[in-house]
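Presented below is the structure to which this report refers.
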Amino acid sequence: MSSGKGIEVAVLGGGQMGQNVIQHLRDSPLVRGITVFDRHPERMQQLKQSHGVKTSESLDRVLADPQIKLVFVTASNNAHKDLSIAALETGKAVMCEKPMATTLADAQAMVEAAERTNGFLQVGFELRYSHLYTAVKDWVDRGLLGRVLNTHCFYCSSAWGRHDVWRASAKTSGGMFGEKLSHYVDLTRWWIGDTVEEVYAACAPNVISYYQVHDNYHCTYRFRNGAVSHLTFMMAPAATFKGDPLQNAVSQQAGDGHALRYMVCGEKGAAETDVFPRTIKRWEFGEDEYGQTSQWVQTETWSPENDFAYFHNTHDQALDIVRRVVEGEPPKTSPRDALETTRLCFAAEISATEKRPVQLAELK
């Protein structure tokens, strides 16, 4: 963090995500000061002491401060819309964590506010910065996979505890898709590079009794160009994770039922990303007298200290957003692009609830 040149930044929401952002911003030479606003005064006092940030008990004063050029919205999901629009309307650049909002109408209002004010709005799809997934995008862009035809994501995790139950309420979280799965829908859109036309999602009865949202999904997206993407999600089978601060989190979860694996198949080759074995693989397709051939040609791996850079790179995302605001560049992911991913999340929720395929044209 700079003591002279740079911009002042505000973080709206001092929970775990806000604290992560504060830590990231301290690594930026373009940030000269951080102000935190949170509705819990005791939390702000703790952050002031532990992180050396400034605090304010008045959101209006934060937004009226002409020195603050950029706002990170890290509050609970149901506050995203109001905080983002208020910041945009006072001329602040805004980074809003995913999901955009708890309703599609609120997400649309955020995009309209950004366009009306000609403001900067980027939503936190940090997997577009994460090396595990940018490697696949690079292979796609270089033509090594050919046109991507189908993808499959298998995601299995442990349950949230009762203390975290706000995440399992559609009113406060916006639903499981927006809160937990929007990253993995956004990735396939990014890799395939086309528009989804139809969504079908099916859910079995919940295993987790205290959830007000689905704890499992089988969801298929059909793209306009014929590509198909499928997501399988189960929350409950993986061993309960409470964390050991003396051990690496991914290493603790490897082999205990946790899984986060993608297969990406194109006309010329395929790729696999697998978080818990820490591997990225690529295959090349061919044909000989035998018939169709597939050759495993590339494997990459990484060390535990690089885990988050590979699969949840919020650090580089935060620093890149600061740089873009300072240099006057547009968001890496446009508001309209983020809204399209958000539409797919709500389409999946509608499909699962109404037990029918949903055409994206239905969602205006």
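The values are calculated or read from the model by the stated rules, or taken from the named source; none is laboratory data. Source: prediction; values computed, not measured. When we count neighbours, we look across all protein chains shown, and the Cβ atoms used for this are built from the backbone with ideal geometry, even at glycine. When the accessible area is computed, the model is the full protein with side chains, heavy atoms only, and any ligands, DNA or RNA have been set aside. Shrake-Rupley method; radii C 1.70, N 1.55, O 1.52, S 1.80 Å.
Between Phe233, Phe125, Phe241, the GNM of the chain built on Cα springs shorter than 10 angstrom shows Phe241 fluctuating the most. How many percent of DSSP beta bridges within the chain run antiparallel, rounded to 5? The answer is about 60 percent antiparallel. Most tightly packed first, judged by the mean number of other beta-carbon atoms within 10 Å of their residues, the peptides 25-33, 98-106 read 98-106, 25-33.
Shown for the chain: the carbon plus sulfur share of the solvent-accessible area, taken with all protein chains present and a 1.4 angstrom probe, equals 50%.
Solvent-accessible surface of the chain, averaged per residue with a 1.4 angstrom probe and all protein chains in place: 45 square angstrom.
Under 5 Å from the amide H of Leu30 lie the amide H atoms of Ser2, each residue being 5 or more positions distant or on a separate chain, with H modelled from the backbone and absent for Pro and chain starts.
Rounded to the nearest 0.05, what FRET efficiency do Lys268 and Gln23 give with R0 = 35 Å and r taken as the Cβ-Cβ distance? Could you check? Please list the in-between numbers first.
Working: r = 41 Å, r/R0 = 1.17.
Once the sixth-power term is evaluated, E becomes 0.30.
If we sort 113-124, 304-315, 203-214 on the protection proxy, mean other Cβ atoms within 10 Å, highest first, what's the order? Could the numbers behind the result be given before it?
On the way: 113-124: 20.1, 304-315: 16.9, 203-214: 14.9.
Per-residue mean Cβ counts within 10 Å order the peptides as 113-124, 304-315, 203-214.
Label zone (Leu363, point 7 Å along Cα-to-C-beta; backbone nitrogen cut-off 18 Å) within region 318-342: 334-342.
Too long at a 26 Å Cα-Cα cut-off: which of Lys171/Lys355; Lys69/Lys332; Lys268/Lys355; Lys98/Lys137; Lys69/Lys242? Lys268/Lys355; Lys69/Lys242, as the Cα separations exceed 26 Å there. Each peptide in 145-151, 337-343, 289-295 was scored by the mean count of other Cβ atoms within 10 Å over its residues; highest first, the order is 337-343, 145-151, 289-295. Which part of region 112-147 falls in the paramagnetic zone of Asn225, meaning amide N under 17 Å from the point 7 Å along Cα-to-beta-carbon? Taking a point 7 Å out along Cα→Cβ of Asn225, the residues of region 112-147 whose backbone N falls under 17 Å are 136-147.
Work out the FRET efficiency for Ile350 and Lys171 from their Cβ-Cβ distance, taking R0 = 22 Å, and round it to the nearest 0.05. Working from the Cβ atoms, E equals 0.85.
Can you give the FRET efficiency to the nearest 0.05 for Gln298 and Thr232, using r as the Cβ-Cβ distance and R₀ = 22 Å? Before the final figure, lay out the partial values.
On the way: r = 25 Å, r/R0 = 1.16.
With a Förster radius of 22 Å, E is 0.30.
Just subtract the alpha-carbon distance of Lys48 and Val207 from 0.36 nm times their residue separation and send over the number in nm, one decimal. Please list the in-between numbers first.
Working: separation 159, 0.36 × 159 = 57.24 nm, distance 4.09 nm.
Using 0.36 nm per residue and subtracting the Cα-Cα distance, I get 53.2 nm.
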